[in-house]
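One structure is given below, represented as structure tokens, and several questions about it will come after.
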Amino acid sequence: MTLHAFKGLVTLVLGLVAPMAPPAHADQFQMAADNARVPCGVSRRELTRFSLVGDQFGALNKVSAGTPYNDFSVTHDPLRGDIYISVPDGFAPRTLTFFATSKKGYVYQFVCEVRDVESQQIFVTNPAIASGEARTWEEETPLRTTAVRLIQAMAANATVAGYQVSQPGSTSRQSGNLLLTLMAEYRGARLVGRAIRIQNRAVTATTLAEADLAPPGTLALTIERPELAPGEASMVFFVSEIGGQ
């Protein structure tokens, strides 16, 4: 395998992050701007939790149905700022709708399907809040130092203020005796970091070198374990500028 071919494979895997529709029982993650309509699904039998990432619910407005079995109830957690919604037995409507105002002044309209699923959690991220938090985090240090900090965070599976994290887990490509799997992407205001698992499927040992791995525009790169015996794998972390990948 040539150096050019291997770098091309790494670049291909890095570009394969794609949003995946979560199963009905999974937590729900939504991106929403001010005044946005937020689609969601709530449990017919159990509580559904709504949480604003980097913000809190301040007020909620809904129309009363007039009959108890056609109305849903809301509980507000004053400490965390989350809200919990439950629907009564025999709840007839297929959807429920309410407006919520956050403590930072953003307004959201929630339109939720009532589903026969277990307890749900819905996390809403406002890009305006996330971008500001990410930019603040990124500007704490010079660019390349920030890139190293991002690698350290990815290696520790840590959260980074304002960063969106996706974990495809099944995005793999093989070239020769190496299998590359994209495990995670951290996307901020200016930087994007990716974690790739590289497995040696050869019957002989192989050595991973930074010069052979770094795609164009890489600001920082770390190889967890450069020397790989047959069957062994290593995590490799990349950081580049958004738009300069």
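The values are calculated or read from the model by the stated rules, or taken from the named source; none is laboratory data. Just so you know, these numbers come straight off a predicted model, no measurement behind them. Cβ coordinates were reconstructed from backbone atoms using ideal geometry, including for glycine residues, and neighbour counts include every protein chain displayed.
Quick one: is Ala100 closer than 29 Å to Ala184 by Cβ, small (Gly, Ala, Ser) and either in the same structural domain as Arg225 (by TED's automatic domain parsing) or assigned to a strand (DSSP E or B) (or both)?
No: the conditions fail for Ala100.
Which members of segment 125-143 meet the condition of being among the polar types (S, T, N, Q) and crowded, with 19+ Cβ neighbours inside 10 Å?
Asn126
Any residue at all in segment 134-147 that's in contact with a strand residue (DSSP E or B) (Cβ under 7 Å, 6 or more places away or on another chain) and not in a helix (DSSP H, G or I)?
no
Is there a residue in segment 55-75 that is in a loop (DSSP other than H, G, I, E, B), within 20 Å of Glu118 (Cβ to Cβ) and in the same structural domain as Val111 (by TED's automatic domain parsing)?
yes
Give the residues of segment 163-194 that are at pLDDT below 85 and either within 14 Å of the chain's Cα centre (by Cα) or outside the structural domain of Thr206 (by TED's automatic domain parsing) (or both), sorted by residue number.
Within segment 163-194, Gln164, Val165, Ser166, Gln167, Pro168, Gly169 meet the criteria.
For segment 131-175, give me each residue that is more than 23 Å from Met31 (Cβ to Cβ) and touching a residue at least 60 places away in the same chain (Cβ under 8 Å).
Passing the criteria: Leu143, Arg144, Ala147, Val148, Ile151, Ala155, Ser172, Arg173, Ser175.
Would you mind telling me which numbered condition in (1) modelled with pLDDT under 95; (2) under 24 Å from Gly132 (Cα atoms) Lys62 fails?
(2)
Considering (1) surrounded by fewer than 19 Cβ atoms within 10 Å (Cβ to Cβ); (2) not in a helix (DSSP H, G or I), say which one Ile122 fails and leave the rest.
(1)
So, in segment 125-161, of the ones that are among the β-branched types (Val, Ile, Thr), modelled with pLDDT of 95 or more and touching a helix residue (DSSP H, G or I) at 6+ places or on another chain (Cβ under 9 Å), which residue ends up nearest to Leu221 (Cα to Cα)?
Checking each candidate, the answer is Thr146.
Also, quick follow-up: Test of understanding: among Leu150, Leu213, Leu219, Leu182, which residue is crowded, with 19+ Cβ neighbours inside 10 Å and touching a Pro at 6+ places or on another chain (Cβ under 7 Å)?
None of the other options fit; the residue is Leu182.
Rundown of residues vs (1) at pLDDT 95 or above; (2) closer than 30 Å to Leu178 by Cβ; (3) surrounded by fewer than 11 Cβ atoms within 10 Å (Cβ to Cβ), yes/no style:
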{"position": "His4", "(1), (2), (3)": "no, yes, yes"}
{"position": "Leu12", "(1), (2), (3)": "no, yes, no"}
{"position": "Gln30", "(1), (2), (3)": "no, no, no"}
{"position": "Asn35", "(1), (2), (3)": "yes, no, yes"}
{"position": "Tyr69", "(1), (2), (3)": "no, no, no"}
{"position": "Leu79", "(1), (2), (3)": "no, no, yes"}
{"position": "Thr101", "(1), (2), (3)": "yes, no, no"}
{"position": "Val107", "(1), (2), (3)": "yes, no, no"}
